[in-house]
Amino acid sequence: MNNSASQAPQSVCIVQRRLTHYRVPLFEALRGLLDERNIRLELLVGRGTPAEEKKQDAGELPWAKPIPTHYLAGGRLCWQPVQHHLGGADLVIVTQENKLIQNHLLLLAPRRFKLAFWGHGANLQSDNPHGFKERYKRWTTNRVDWWFAYTQMSAGLVAAAGFPGNRITVLNNAVDTSEMRRQRQSVTPEETHDLRESLGFGAGPVGVFVGSLYADKRLDFLFAAAEAIRREAPDFHVLIVGEGPERHKVQAWCAAHPWARWVGARFGREKMAYVSVAQVMLNPGLVGLGILDAFVCGVPMLTTDCGIHSPEIAYLENGINGVMTADDLNAYVWASVNLLCDAQALDALRAGCAASAQEYTVENMARRFADGIEETLARREI
């Protein structure tokens, strides 16, 4: 389906409300792949809310085009005028967010380009999944020409809303796991040993939590589970890596339990080093892209069927590359203790993690994205 180099290039425009640093490798790779297929990529990027700007996680691409961004109604609505950038586009890809005013205009107005959504297929953390906002989102699901779904779980949600399965591309959302792998491999056993010593962990098993500290992570469940595991395995220790609005809860709990440590937010190679001290990753609440940390580091994740996970939970294969228990404290503790006591089972999950780390990469995501864009553009009628 590749276009001839002698033909004028087709053009795809991707609109991002804001550009995060972890998306930069994806867009760099995607731009190169599309260029090889004689497809020009234009990336329009806005700015985050004041709260998002404080995270200091914005990315930069010199070839991306900045667009004005205006937040209204306390950040619940966002206006980014993009129409004058779309004149030469053959395909426009936007994220499916109700708050984006320009999306509704693109859906309702006549257009000469194909329009695609990129997203989850639903708000998986919605307090009212059957409310007006989610019903409206499902209505918009079927008003585009193509779908780029985060994961197979997202594709299932889109198809369940009535969208044709042959017009859905599953991206398998990822970050730069190749760089993460290089960082992890650079951490020596001696460094891991010294880090364990500095944390006061000794030789016993360690469970690590990595992520933002907020309600959906279910930290009270994590604390209760850790205390129960410790009762069964007296040399068990817990390491918490992350930052967020519930940091004071974490600080207080760790202060009351000398076998637990909180080290704040850590990134890059430093995060990989901290994860290297652990045998398992404990996250009984919302699981998202953090599952890739577990895969790359070979530290299997244990979570629960809590019903609030992000689409990346589709990557977890129970008993193959991680563990998902019932949403029950006793079940979670039992699975954790049994895994920590079974070296063979732990090694089997580590092997599964290694295989998954090879599959869920930003390079594979970019290839799937490019394939879907090429297929969308090649179809005369949709």
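Observations on the model:
- Near pairs, Cβ below 6 angstrom, 6+ apart or cross-chain, from the stretch 43-71 (within 16 Å of LYS99 (Cβ to Cβ)) to any residue that is open to solvent by 20 Å² or more (accessible area, probe 1.4 Å) and hydrophobic (A, V, I, L, M, F, W, C): HIS70/TRP79
- Any hit, the stretch 103-113, residues being surrounded by 15 or more Cβ atoms within 10 Å (Cβ to Cβ), in contact (Cβ under 8 Å) with a residue 40 or more places away in the chain and either in contact with a helix residue (DSSP H, G or I) (Cβ under 8 Å, 6 or more places away or on another chain) or among the acidic types (Asp, Glu) (or both): no
- Within the stretch 237-272, the residues that satisfy the criterion of being open to solvent by 40 Å² or more (accessible area, probe 1.4 Å), in a helix (DSSP H, G or I) and without any contact (Cβ under 8 Å) to a residue 24 or more places away in the chain are HIS248, GLN251, ALA252, ALA255, ALA256, GLU270.
- Search result, residues across the stretch 144-156 that are in contact with a Leu (Cβ under 9 Å, 6 or more places away or on another chain) and open to solvent by 40 Å² or more (accessible area, probe 1.4 Å): MET153
- Of the residues making up the stretch 27-73, those that are part of a loop (DSSP other than H, G, I, E, B), among the charged types (D, E, K, R) and farther than 17 Å from ASP90 by Cβ number 5.
- Residues considered: VAL287, VAL275. Of these, the only one that is more than 23 Å from MET153 (Cβ to Cβ), touching a helix residue (DSSP H, G or I) at 6+ places or on another chain (Cβ under 9 Å), open to solvent by less than 40 Å² (accessible area, probe 1.4 Å) and not acidic (Asp, Glu) is VAL275.
- Each residue in the stretch 65-101 was checked for being under 30 Å from ARG380 (Cβ atoms), over 22 Å from the mean Cα position of the chain (by Cα) and surrounded by 15 or more Cβ atoms within 10 Å (Cβ to Cβ), and 7 pass.
- Scanning the stretch 157-214 for residues being in a helix (DSSP H, G or I), in contact (Cβ under 8 Å) with a residue 24 or more places away in the chain and either buried (at least 17 other Cβ atoms within 10 Å of the Cβ) or not small (Gly, Ala, Ser) (or both) gives a total of 14.
- Filtering GLU52, GLU42, GLU60 for residues that are surrounded by 15 or more Cβ atoms within 10 Å (Cβ to Cβ), in contact with a His (Cβ under 9 Å, 6 or more places away or on another chain) and either more than 23 Å from ASN173 (Cβ to Cβ) or charged (D, E, K, R) (or both) leaves a single hit, GLU42.
- In the condition set (1) over 24 Å from the mean Cα position of the chain (by Cα); (2) surrounded by 15 or more Cβ atoms within 10 Å (Cβ to Cβ); (3) closer than 23 Å to VAL277 by Cα, ASP342 is compliant with all but (2).
- Cβ-Cβ contacts under 9 Å between residues 6 or more apart (or on different chains), taken from a first residue in the stretch 127-140 that is at pLDDT 70 or above to a second residue that is in a loop (DSSP other than H, G, I, E, B) and hydrophobic (A, V, I, L, M, F, W, C), are listed as GLU134/ALA122; LYS137/ALA122; LYS137/ALA161; ARG138/ALA122; ARG138/ALA161; TRP139/ALA161.
The values are calculated or read from the model by the stated rules, or taken from the named source; none is laboratory data. Predicted, not measured: the structure shown is a model, and the values here were computed from it. Neighbour counts run over all protein chains shown; Cβ positions are idealised from the backbone, glycine included. What goes into the accessible areas is simple: the full protein's heavy atoms, side chains included, and nothing from ligands, DNA or RNA. Shrake-Rupley method; radii C 1.70, N 1.55, O 1.52, S 1.80 Å.
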